[in-house]
Amino acid sequence: MANGYIRTLSLLALMLGITISTTAQKSRAKKQPAAYSAYLFTYFTGNDKSEEQICFAVSNDGYHFRALNGNKPVINSADISETGGVRDPHMLRGADGKTYYMVATDMVSAKGWNSNRGLVMMKSTDLIHWTSSAINLQKRYAGQDSLLRVWAPQVIYDDSVKKYMLYFSVKYGNAPDKIVYVYANKDFTNLEGEMKQLFFNPDNAACIDGDIQKKDGHYYLFFKTEDRRPGIKIAVSDRLTGGYTMQSNDYVQQTDKPVEGAGTFKLNDGSGYILMYDMYTSGRYQFTKTTDFKNFRAIDENISLDFHPRHGTIMPITAAELARLNATW
């Protein structure tokens, strides 16, 4: 009788353990983020004010992209900017996996390449509806009288301080453009603290269009330099906010035509990374593929776009996010 009682308790304990284990496994499964299976491309289309607007395109494989909303704007620049136009949009998925951040140059190029003084900060929880703030650096900071332009902002999460960091190029007077960084406030509605220089070009040449990709514990800063001939180079650091040194003196674009607007993203299948850029004098966009950020191969034959983008960026998205975007636009 005693042995039977003990066996019954043991069986109950085993069953209870299985139930607890199964419940824990289900709980962990619910917390796992959805796998990324598609891509969202955000871009603008040209130098006319009507084209300095944010557009979206989507892809299932990272190679073949289809414009949403008939290649028309998904956000009205007049509603979000100080100048009435925006360029160079960059989008980031937040650290929580479900909030999205976007930044763009607040600029109408018809007013001149030295005409803009700020950027636009945007935030969304569904990729459809966005809140925004237009930040004029001359109004935000003292001592900015000689500021001529603010170009191509991007945003990245700094895990060391748990803040979102914006980085962009600025030009003061006759000095060359330089890439600076500054943190966003908690609500992503304004800038917090002072701007600091992010990268010091050893040639002291102009640096614009920065794009940072983290890989294997290192930060790779892709940027356009104006020394000798316009092109894209890479500087590397083991920390986000400084210490960048040139990986080499080589240009990484796979063309002899002028390029700008480097944008990188990781392929969902784990096969490598894409570096793309705007061949702005050729009316083309080129995609290249790499696994090590040292060797790049043009993959023009694999790419199809039913639109012509200008300086944009691509973010991996889930099937649910893709379905929501398709249903809306």
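The values are calculated or read from the model by the stated rules, or taken from the named source; none is laboratory data. Just so you know, these numbers come straight off a predicted model, no measurement behind them. Every residue, glycine as well, gets a Cβ built from its backbone with ideal geometry; the counts of neighbours run over all protein chains shown.
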- For residues in region 156-172 being hydroxyl-bearing (Ser, Thr, Tyr) and part of a strand (DSSP E or B), which is surrounded by the fewest Cβ atoms within 10 Å (Cβ to Cβ)? Tyr172
- Task: Return yes or no: is Pro153 assigned to a strand (DSSP E or B), assigned by TED's automatic domain parsing to the domain that holds Ser115 and not hydrophobic (A, V, I, L, M, F, W, C)?
- Result: yes
- Taking the options Ala175, Ala184, name whichever one is surrounded by 12 or more Cβ atoms within 10 Å (Cβ to Cβ), in contact with a Phe, Trp or Tyr (Cβ under 6 Å, 6 or more places away or on another chain) and either at negative phi or not assigned by TED's automatic domain parsing to the domain that holds Asp159 (or both). Ala184
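Inside region 49-95, can you point out the residues that are within 16 Å of the chain's Cα centre (by Cα) and among the acidic types (Asp, Glu)? Give the derivation first.
Start the filter on region 49-95 by keeping residues that are within 16 Å of the chain's Cα centre (by Cα), which leaves 54-58, 62, 86-95.
Listed by number, the list holds a single entry, Asp88.
Is it true that some residue in region 303-311 is in contact with an Asp or Glu (Cβ under 9 Å, 6 or more places away or on another chain), in contact (Cβ under 8 Å) with a residue 24 or more places away in the chain, surrounded by fewer than 17 Cβ atoms within 10 Å (Cβ to Cβ) and within 21 Å of Trp151 (Cα to Cα)? Before the answer, list the steps.
The first filter runs over region 303-311 and keeps only residues in contact with an Asp or Glu (Cβ under 9 Å, 6 or more places away or on another chain), leaving 309-311.
In the following step, the residues that additionally are in contact (Cβ under 8 Å) with a residue 24 or more places away in the chain were identified as 309-311.
Adding the requirement that they be surrounded by fewer than 17 Cβ atoms within 10 Å (Cβ to Cβ) leaves none.
For region 303-311, residues in contact with an Asp or Glu (Cβ under 9 Å, 6 or more places away or on another chain), in contact (Cβ under 8 Å) with a residue 24 or more places away in the chain, surrounded by fewer than 17 Cβ atoms within 10 Å (Cβ to Cβ) and within 21 Å of Trp151 (Cα to Cα): absent.
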